[in-house]
Amino acid sequence: MTSNTFTLDDLVTRWQTAPAERRAAALAALSGEQAVPAPGKALNLSAAAKQAGVSRSTIFRAICAGALKAAPLFHGGRPRVIESELRRWLAGGAE
């Protein structure tokens, strides 16, 4: 296992080259404006849909509508749903 260590110059370069929406999400999370889901197992959309018994499209629509929180994407990639958030969404009467 390798350790990810970065110099200040590395971090500044990463910040400057990150897309604006990723920088905004990072700032919101750091300032406490955005609730970051509790640690837990992160599921891709297919796994979350299978566990919930709904389609991937339903999961995606719930994320877009803000009803289901996805894990913050600081390094790009695809949305992940934290298992505890999926349970909360299902308990709240998900479609």
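Applying the set (1) at pLDDT 75 or above; (2) touching an Asp or Glu at 6+ places or on another chain (Cβ under 6 Å) to Pro37 leaves exactly one unmet item: (1).
Whenever a residue of the range 72-93 is surrounded by fewer than 16 Cβ atoms within 10 Å (Cβ to Cβ) and among the hydroxyl-bearing types (Ser, Thr, Tyr), it has no partner that is modelled with pLDDT of 85 or more and not in a loop (DSSP other than H, G, I, E, B) lying with C-beta atoms less than 6 angstrom away and at least six residues away or across chains.
The values are calculated or read from the model by the stated rules, or taken from the named source; none is laboratory data. All figures in this text were calculated on a predicted structure; none of them were measured in a lab. Cβ: placed from backbone, ideal geometry, glycine included. Neighbour counts: every protein chain shown.
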